Amino acid sequence: MAETNNKNRFTPLIMAACTVVGIIIGTFYTSHFSGNRLNIINSGSNRLGNLLHLIDDQYVDPINIDSLVDAVIPQILTGLDPHSVYISAEEMEVTNDDLKGSFSGIGIEFTIRQDTIHVQNVIAGGPAERAGLLAGDKIVTVDGNAFTGDTIDNATAMRRLKGPEGSKVTVSVVRFGHEGTTDYTITRGEIPLKSITAAYMINDNTGYIRIKNFGETTYLELINALADLTLHEMKELIIDMRGNTGGLLHRAVQIINEFLPRNQLIVYTEGRRSPRQEFRSDGHGHYADIPLIVLIDEQSASATEIFAGAIQDNDRGTIIGRRSFGKGLVQQQIEFSDHSIIRLTVARYYTPSGRCIQKPYTAGTDSDYELDLMNRYEHGEFFNQDSIKHDGPEFFTRSGRTVYGGGGITPDIFVAEDTTDYTSYYQQAAMSGLILQFAYTYTDDNRPKLQTITDYRELEDYLLKQNIVEKFVNYADSHGLKRRNIMIQRSRKLLERYVVSRIIYNMLNEEAWTQYVNGDDPVIRKALDVIGKGEAFPKKPSDNE
């Protein structure tokens, strides 16, 4: 009886303990299976992180969260503006190479033809040249593994040939006139990427500099180029920034400073959380008085537009060409632990007159923004200055000249794209890549002879004597582009210049190519005409009355 009474005495305690355990278990399962939904709904800005955690924890199949994040972040950023972007760690490596002005690799330019890497140029003084590689070599193995076939692409080739400085890679090459393959072990090193691809005297008095982008080394490259041109008694200067999509703001500011007197506003930035920040010239520039022409086109963007806007608004020089791209947004770069980044728009930049030249956009996917250059072309803007639409308000330069915001830099002097001799045959030949393919094939097949010619003018003379256009037409005909004799005759000069220019590029260098194409460039002709008339400095409105 006593034993029974003792059991009855502990029954309430046991029941209470069971109740507590039940509550704990119930709370656990409720939280585990349904509470996450409430947390996600109610946690505001943490919803995305909670959602990813829930997917990682409970999704029916294994999931790579990193890949999911790579897909999700760009979608979020597209809801902001066209220039807030996500760049993966792999893509970022390539982007950084362009901006820092160098990368670690073997030092070749290559093209992929017929599933094989063809060495197009060997960088002078680079690792590949020191090891013995030559232009025209075909790389067939890398570190003992076959490296040909339809799986080879530019990204794969870059990944295999680039690597840490001091590391080694062994390539096997097939060389014209040699039997079998030859192995070369190359010690990778720093390879410079030049921002200034041409700097030469275009005539006895006029210097010419082509700036490809604004990277870490651009300012130093410019100072060296200017010093060399000064030694050649340069009296006027043409800076060509057509096709320059921008780069580092601080390098653009440094370069503009070389051409402005003291305390002139270069650019200012301002945003919702970014107070106004001004950049002004410090008076230490050595070329503040030289007659200056700046060339731009529809692909000139960002830092290039800062340069052109500062020169235009300060009445420092004349802008010639076509309306620029229209990017006036400033991005802040934020890096994640895996070295991927987002570039988040935090401000707008404004030229000295106060104009923001960002062209209009709609938040989210904006097809009109993406197709803007095509729309300009179809609207006729490339061919007629009157077709330029100014969506922004009027502003005024230091001397009172009218300029416009809201859609790129409109040049002081417009030069239309010359399509006089364009035909559908020429368009197909250019767009299909057949001209590039023929130029490389011809270069490769005739390399021993072409290597004996080191001046682009002599190379041009030689190629014209080879009836080069007819050779291309036969090549194109055998590769699917049917001969059209009337169109070929009309576009002969265009075909000739394109084919010859690419062979010059293959055999010499980018500066030689630039000198050749500039020889018949209407924008260059207009720039030289303006300089020759002493009109590089813009006139005040009263002077035109």
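The values are calculated or read from the model by the stated rules, or taken from the named source; none is laboratory data. Given the structure is predicted, the values throughout are model-derived calculations rather than measurements. When we count neighbours, we look across all protein chains shown, and the Cβ atoms used for this are built from the backbone with ideal geometry, even at glycine. For the accessible areas, the whole protein counts, side chains as well, though only heavy atoms, and no ligand, DNA or RNA atoms are used. Shrake-Rupley method; radii C 1.70, N 1.55, O 1.52, S 1.80 Å.
Rounded, prolate or oblate: which fits segment 248-320, taking a ≥ b ≥ c as square roots of the Cα gyration tensor eigenvalues, rounded meaning a/c under 1.5, else prolate when a/b beats b/c?
It is oblate, given that a/c is not under 1.5 and a/b is not larger than b/c.
Nearest 500 deg cm²/dmol is fine: what mean residue ellipticity at 222 nm does the chain get from its DSSP H runs of n ≥ 4 alone, each adding -39,500 (n - 2.57), divided by its residue count?
-12000 deg cm²/dmol
Under a Cβ-Cβ cut-off of 10 Å, what is the net charge of the residues other than V523 that fall near it, where Lys and Arg count +1 and Asp and Glu count -1?
-1
Taking the simple approach of a point 7 Å from Cα along Cα-to-Cβ for both E470 and E165, what is their distance in nm?
5.3
Tell me which trypsin sites (Lys or Arg not before Pro) from segment 233-300 have a DSSP coil assignment and no more than 11 other beta carbons within 10 Å of their own.
R272, R273, R276
Give me the net charge for the shell around K389: Cβ to Cβ below 15 angstrom, other residues only, Lys and Arg +1, Asp and Glu -1.
-4
If you take the C-alpha gyration tensor of segment 428-518, multiply each eigenvalue by 5 and take the square root, what semi-axes do you get, largest first, in whole Å?
Here the semi-axes work out to 22, 14, 12 Å.
So what is the accessible area of the chain per residue, in Å², with the probe set to 1.4 Å?
Ligands and nucleic acids excluded, the figure is 52 Å² per residue.
When only Cα pairs under 8 Å and 6 or more residues apart are kept, what is the percent relative contact order across the chain?
Value for the chain: 11 percent.
Give the average over all directions of the projected area of the C-alpha convex hull of segment 398-469, one decimal, in nm².
Averaging across all directions leaves 9.4 nm² for the Cα convex hull.
For segment 302-342, place one equal point scatterer on every Cα, skip the solvent, and apply the Debye formula. What is log10 of I(q)/I(0) at q = 0.20, 0.33, 0.34, 0.35 Å⁻¹?
-0.68, -1.13, -1.15, -1.18
Based on the alpha-carbon gyration tensor of segment 257-409 and its eigenvalue square roots a ≥ b ≥ c, which shape applies: rounded if a/c is under 1.5, prolate if not and a/b is larger than b/c, or oblate?
Here segment 257-409 falls in the oblate category.
Taking the highest mean first, how do the peptides 195-203, 302-310 order by number of other beta carbon atoms within 10 angstrom per residue?
302-310, 195-203
With Cβ to Cβ distances under 10 Å as the rule, what net charge do the other residues near G406 carry (K, R +1; D, E -1)?
Result for the neighbourhood of G406: +2.
Using r as the Cβ-Cβ distance of L220 and I76, and R0 as 56 Å, what FRET efficiency do you calculate, to the nearest 0.05?
0.90
Let me have the relative contact order for segment 393-487, percent, based on Cα pairs under 8 Å that are six or more residues apart.
24
Under 8 Å for C-alpha pairs, at least 6 residues apart: give me the relative contact order for segment 153-309, rounded to a whole percent.
19
Restricting things to alpha carbons, tell me how big the chain is in terms of Rg and Dmax, in Å.
30.8, 126
If the label point is 7 Å along Cα→Cβ of E496, which residues in segment 409-453 have backbone nitrogen under 17 Å from it?
It comes to 420-423, 426, nothing else.
What do you reckon, how do H118, H250 stack up by accessible area (1.4 Å probe), largest on top?
H250, H118
Taking R0 as 51 Å, what's the FRET efficiency between H286 and T420 from their Cβ-Cβ distance, rounded to 0.05?
Result of the calculation: an efficiency of 0.80.
Gain in length, Q333 to Q114, computed as 0.36 nm per residue apart minus the alpha-carbon separation, to one decimal in nm?
Using 0.36 nm per residue and subtracting the Cα-Cα distance, I get 74.9 nm.
With the full set of protein chains in place, find how many percent of the accessible area of the chain is carbon and sulfur; take the probe as 1.4 Å.
The computed percentage sits at 51.
Would you please give the FRET efficiency between R457 and D228, computed as 1/(1 + (r/R0)^6) with r the Cβ-Cβ distance and R0 = 25 Å, to the nearest 0.05?
My answer for the efficiency is 0.75.
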